[in-house]
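Just below is one structure, and these are the notes that go with it.
Any read-out appearing in this document is the output of simple, stated calculations on the displayed coordinates, not a laboratory observation. Computed from a prediction, not measured in an experiment: that's the story for all the values here. Cβ: placed from backbone, ideal geometry, glycine included. Neighbour counts: every protein chain shown.
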Amino acid sequence: MTVEETILKECFVVTPNVIKDERGYFFESFNKAKFEAQTGILTNFIQDNQSQSSKGVLRGLHFQTGKFSQAKLVRVIKGRVLDVCVDLRKKSLTFGKHFSIILDTIEHKQLFIPKGFAHGFLVLEDHTIFSYKCDNYYNKASEKGIIYNDKELNIDWNFPTEGLILSEKDKVLPTFEAYLNE
């Protein structure tokens, strides 16, 4: 696997070595020793999550705070998404900046999102299956979010607004400014 740091510190694109032949393909989706050697980040993933969504579903921008904050390794098992993360670490040089990438079943790329980031994704194909590892358990009381179309963050989802499908919870998330003033 190859690991490349994004424009956001400690946020990495992980590309597996895919072996293809007439039977199909095989790849190692995660190797703790290789990941830690290439990034210097110690990981201990303890929870895996998976969702299936239709085209136009936007989930996010979500994160957990305090002792329940989570680092994630996200990937697409089937389909295609636009994956976005936002650096919320106030002492970071990239605070308030975001990174986006297409994750799909063609390249099998993954995105490592460190603690202190908000995360969301927009589904670009029907029946997309999205999977992610977390290094901390989900805690509802620590869950927070920022509205996907925040003017200050200015994320280009490159998708018609009228085609978006959001949960009721995600429709009323606070702005980035409101999050900063909490």
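Below, the figures for the structure above:
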read-out: Extreme residue, surrounded by the most Cβ atoms within 10 Å (Cβ to Cβ), among residues of segment 4-39 that are assigned to a strand (DSSP E or B) and in contact (Cβ under 8 Å) with a residue 40 or more places away in the chain; value: VAL14
read-out: Checking GLU107 against (1) among the acidic types (Asp, Glu); (2) surrounded by 12 or more Cβ atoms within 10 Å (Cβ to Cβ); (3) out of contact with any Lys or Arg (no Cβ under 6 Å at 6 or more places or on another chain); (4) within 21 Å of THR65 (Cβ to Cβ), the condition it does not meet; value: (4)
read-out: Some residue of segment 43-62 being under 21 Å from GLU107 (Cα atoms), assigned to a strand (DSSP E or B) and in contact with a helix residue (DSSP H, G or I) (Cβ under 9 Å, 6 or more places away or on another chain); value: no
read-out: Qualifying residue in segment 151-172 (condition: outside any loop (DSSP other than H, G, I, E, B), basic (Lys, Arg) and farther than 30 Å from GLY40 by Cα); value: yes
read-out: Residue list for segment 40-79, filter: of a type in the set (A, V, I, L, M, F, W, C), under 19 Å from LEU173 (Cα atoms) and under 14 Å from the mean Cα position of the chain (by Cα); value: LEU58, LEU61, PHE63
read-out: Unique match (being under 25 Å from GLU36 (Cβ atoms) and part of a strand (DSSP E or B)) among HIS119, HIS108; value: HIS119
